[in-house]
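J.: Have a look at this one before I ask anything.
The values are calculated or read from the model by the stated rules, or taken from the named source; none is laboratory data. Keep in mind that this is a model prediction, so the values were computed, not measured. Quick reminder, even Gly has a Cβ in these numbers, built from the backbone with ideal geometry, and neighbours come from all protein chains shown.
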2 protein chains.
Amino acid sequence: MAEVVTLTDVARAAGVSPSTVSRILSGTARVTPETRQKVMGEIERLDYQPNILAQGLKRGQSMTVGVLTQELNSPFFDGTVQGIEFGFEDSDYDPIFAGGHSRKSEEKRVLEVLGRRRVDAMIIVGGFLPDPLLVELARSTVLVIVGRKVSGLEEQCIYIDNVKGGFDATKHLIDLGHRRIAHITGIPSNLDAIDRFQGYRQALESARIPYDHQLVVEGAYTEQSGLFAVETLLSRGNRFTAVFCANDQMACGARLAFYRRGMRVPDDISLVGFDGLQYVLFAIPPLTTIRQPMFEMGQGAARLTLSLLEGKKPPHITFATPLLVRESTAMAR
Amino acid sequence: MAEVVTLTDVARAAGVSPSTVSRILSGTARVTPETRQKVMGEIERLDYQPNILAQGLKRGQSMTVGVLTQELNSPFFDGTVQGIEFGFEDSDYDPIFAGGHSRKSEEKRVLEVLGRRRVDAMIIVGGFLPDPLLVELARSTVLVIVGRKVSGLEEQCIYIDNVKGGFDATKHLIDLGHRRIAHITGIPSNLDAIDRFQGYRQALESARIPYDHQLVVEGAYTEQSGLFAVETLLSRGNRFTAVFCANDQMACGARLAFYRRGMRVPDDISLVGFDGLQYVLFAIPPLTTIRQPMFEMGQGAARLTLSLLEGKKPPHITFATPLLVRESTAMAR
DNA sequence: CTGAAAGCGCTTACAG
DNA sequence: CTGAAAGCGCTTACAG
């Protein structure tokens, strides 16, 4: 990085002042065609790239957006992050990721990124940060939150209806004639998990199936926890013919548990997941699940951020969560 | 982002010059304890965060590292990217990701990121960029390449021995008594794919098993392509009792193809993958595979970059690719 | 030990 | 239409 061309170099080469070059670049210029020609020629010839740092310092914008991800190293975050990246691709902004892996508190990290990098906006993926902090933060910076609904900040949140998702998943099983439907929850403190569980209960209720807490086991979103959950369920000795898992990963773990016991899916047990991860289309058997459009949500978050940065108030987008019926569910026998 | 505190504010509050504050911050200072005390106090009180952009402009460093990922939206990239993020977490550098999704040519994107953002280093993940370009690039910037070995730049490459991986995978099947071993390749232009195929052939040769091109089908690293490949294999009518797939995703696709035909794994067919993705530990049955330490490689790339940035020449690390024997392989009958 | 000054590479009123 | 000047927030020789 020795021979970097500066705006001054271009000006000198073109025989004009830096001001003029700057104006031409920004389009603010009222210049003679000849001057413009000459300058553009030199820019091309010298392969000049404006220094964003210098521009940022002057304009008071860093042209970066801080993206705070959480500790969970999951396909959900991967998908969302990819969508975010994609959404900024053709903009002048670049996302800076502040991963949530280290020991530093989340809160501190947000503030650090905001402060040191002078990011023009922040995207928060998921949710450990308390609502009040986010509301506070939203006052001093452009803020978009994905995968979570913060009251007072609804317009800046990208989320799905997890209750409905949980309802639809359970309803699907009920429609197939299942009555003894187990549920493996997500992390109990997680709002999505709570909502999906809500949906499960509502579906049971609307079908007048009594709720049985013996059929509910706490999971942790991992495959392993899904496997354990099924073992717990089985050890309790209560009969059930279907399981709704709060995410696909746990469904995969559950599936393996059944495989180990020689219980067939969907012949003996129907299984529904949540997320719609690419690869569960190739599970054995292909998993019926509720799709959560992670990539699209990430992309939506990027777009929303961009709009907000431009001072626009775009319409709020709702993301649908279709039920993808595959081969892990069948009529109850 | 209105009320941002600057170094000058701190200086004013502490009753000293900006120079002094700057020196204290950088540790260059020979100052009286009292002055230091006073200044540190104000920094704390005002919650001052140095503006990295301004520092960068002055020092000629942006404190950012450009990370170029490729179009493949795969678990391999996810894992690597996470490792890279993690590796920079406790450093003063932040990674800026230039995703490989848009239509712009890869080459152009590298140059753009380098130029506009004035990144201090680049990490290239995977490989569409021609070797000569990388060699050229390495002359003007700190460059690290992960998942690929570029001759002349070996010290800056983080890679595994794909030939050995392919060999070990195939050898495992041979050791189980298999003689008719099929292979589903990766994208034929991909070096990793070529190497894994090489390993396959070498293993056959070392066991004096004649190579049969009828047993090799071209794949594209996706689950779908693995599924198709098995169908092709089956339609050719040649007997085989085992398949080595160039990655886990294709192995999952292949597995589904067998499931559809009612062929049991591992009873009728043994299956080996490559990558060691987390979730294939929960495949039905758990997949035997060669582990590629993606996260560690990403982290290694970050560390290597950091060392290079500090002018060090760290020892070259080799990443092992252990065979993970699970339940998708069994003795040939 | 500490301050004034110059400068990193831009942009943008202010003149002319 | 175009240039000279000031300034964004820092750092770092240069004085004292």
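J.: Criterion first (surrounded by fewer than 16 Cβ atoms within 10 Å (Cβ to Cβ) and either in the same structural domain as A:Phe97 (by TED's automatic domain parsing) or over 26 Å from A:Lys171 (Cβ atoms) (or both)) does A:Gly300 satisfy it?
T.: no
J.: For region A:18-58, name all the residues that are more than 9 Å from DNA strand D (Cβ to nearest atom), of a type in the set (S, T, N, Q) and under 30 Å from A:Arg116 (Cβ atoms).
T.: A:Ser26, A:Gln49, A:Asn51
J.: Please specify each residue of region A:5-27 satisfying the condition of being more than 6 Å from DNA strand C (Cβ to nearest atom), surrounded by 14 or more Cβ atoms within 10 Å (Cβ to Cβ) and in a loop (DSSP other than H, G, I, E, B).
T.: A:Val5, A:Val16, listed by residue number.
J.: Okay, next question. In region B:158-245, which helices (runs of 4 or more DSSP H) lie fully inside it and hold 2 or more residues that are modelled with pLDDT under 95?
T.: Passing ranges, in order: B:191-206.
J.: Now for a separate question. Do we have B:Val144 as in the same structural domain as B:Met122 (by TED's automatic domain parsing) and in a strand (DSSP E or B) here?
T.: yes
J.: For residues in region A:93-108 being more than 9 Å from chain B (Cβ to nearest Cβ) and modelled with pLDDT under 90, which is surrounded by the most Cβ atoms within 10 Å (Cβ to Cβ)?
T.: The selected residue is A:Gly100.
J.: Of all residues in region B:280-300, count the ones that are among the aromatic types (Phe, Trp, Tyr) and either touching a residue at least 12 places away in the same chain (Cβ under 8 Å) or closer than 15 Å to B:Val81 by Cα (or both).
T.: Adding up the residues that qualify gives 1.
J.: Name the pairs whose Cβ atoms lie under 6 Å apart, with the first residue in region A:205-231 and in the same structural domain as A:Thr170 (by TED's automatic domain parsing) and among the charged types (D, E, K, R), the second surrounded by fewer than 23 Cβ atoms within 10 Å (Cβ to Cβ) and in a loop (DSSP other than H, G, I, E, B), and 6 or more positions between them or separate chains?
T.: Close Cβ pairs (under 6 Å, with a partner that is surrounded by fewer than 23 Cβ atoms within 10 Å (Cβ to Cβ) and in a loop (DSSP other than H, G, I, E, B)) amount to A:Glu218/A:Pro188.
J.: Filtering region A:135-170 down to residues that are of a type in the set (Gly, Ala, Ser) and within 22 Å of A:Arg118 (Cβ to Cβ), which residue is farthest from the other protein chains (Cβ to nearest Cβ)?
T.: A:Ala138
J.: Also, I was wondering about something else. Tell me which residues, restricted to region A:242-257, are more than 9 Å from chain B (Cβ to nearest Cβ) and either over 18 Å from the mean Cα position of the chain (by Cα) or aromatic (Phe, Trp, Tyr) (or both).
T.: Of everything in region A:242-257, those that are more than 9 Å from chain B (Cβ to nearest Cβ) and either over 18 Å from the mean Cα position of the chain (by Cα) or aromatic (Phe, Trp, Tyr) (or both) turn out to be A:Ala242, A:Val243, A:Phe244, A:Cys245, A:Met250, A:Ala251, A:Ala254, A:Ala257.
J.: Of these, A:Asp120, A:Asp161, A:Asp90, which one is buried (at least 20 other Cβ atoms within 10 Å of the Cβ) and of a type in the set (D, E, K, R)?
T.: A:Asp120
J.: Okay, next question. I'd like the full set of residues that are farther than 21 Å from A:Ser74 by Cα, among the small types (Gly, Ala, Ser) and buried (at least 20 other Cβ atoms within 10 Å of the Cβ), limited to region A:214-256.
T.: Of everything in region A:214-256, just one residue is farther than 21 Å from A:Ser74 by Cα, among the small types (Gly, Ala, Ser) and buried (at least 20 other Cβ atoms within 10 Å of the Cβ), namely A:Ala242.
J.: Picking from A:Val81, A:Val67, which residue would you name as being at the interface with another protein chain (Cβ under 10 Å from one of its Cβ atoms), buried (at least 22 other Cβ atoms within 10 Å of the Cβ), part of a helix (DSSP H, G or I) and in contact (Cβ under 8 Å) with a residue 40 or more places away in the chain?
T.: Within the list A:Val81, A:Val67, the selection yields A:Val81.
J.: Hey, another quick one. Check off (1) in contact with a Ser or Thr (Cβ under 9 Å, 6 or more places away or on another chain); (2) within 9 Å of another protein chain (Cβ to nearest Cβ) for A:Pro75 and give me the number that stays unchecked.
T.: For A:Pro75, the failing item is (1).
J.: Would you mind finding the one in B:Arg30, B:Arg36, B:Arg45 that is more than 10 Å from every other protein chain (Cβ to nearest Cβ), part of a helix (DSSP H, G or I) and either touching a strand residue (DSSP E or B) at 6+ places or on another chain (Cβ under 9 Å) or within 13 Å of DNA strand C (Cβ to nearest atom) (or both)?
T.: Step by step, each of B:Arg30, B:Arg36, B:Arg45 is checked, and only B:Arg36 is more than 10 Å from every other protein chain (Cβ to nearest Cβ), part of a helix (DSSP H, G or I) and either touching a strand residue (DSSP E or B) at 6+ places or on another chain (Cβ under 9 Å) or within 13 Å of DNA strand C (Cβ to nearest atom) (or both).
J.: Between a first residue in region A:306-322 that is part of a loop (DSSP other than H, G, I, E, B) and a second residue that is exposed (fewer than 12 other Cβ atoms within 10 Å of the Cβ), which pairs have beta carbons less than 9 Å apart while being 6 or more apart in sequence or on different chains?
T.: Pairs found: A:His316/A:Glu154.
J.: Given (1) more than 8 Å from DNA strand D (Cβ to nearest atom); (2) more than 9 Å from chain A (Cβ to nearest Cβ); (3) among the charged types (D, E, K, R), where does B:Asp9 come up short, assuming only one miss?
T.: Of the numbered conditions (1) more than 8 Å from DNA strand D (Cβ to nearest atom); (2) more than 9 Å from chain A (Cβ to nearest Cβ); (3) among the charged types (D, E, K, R), the odd one out for B:Asp9 is (1).
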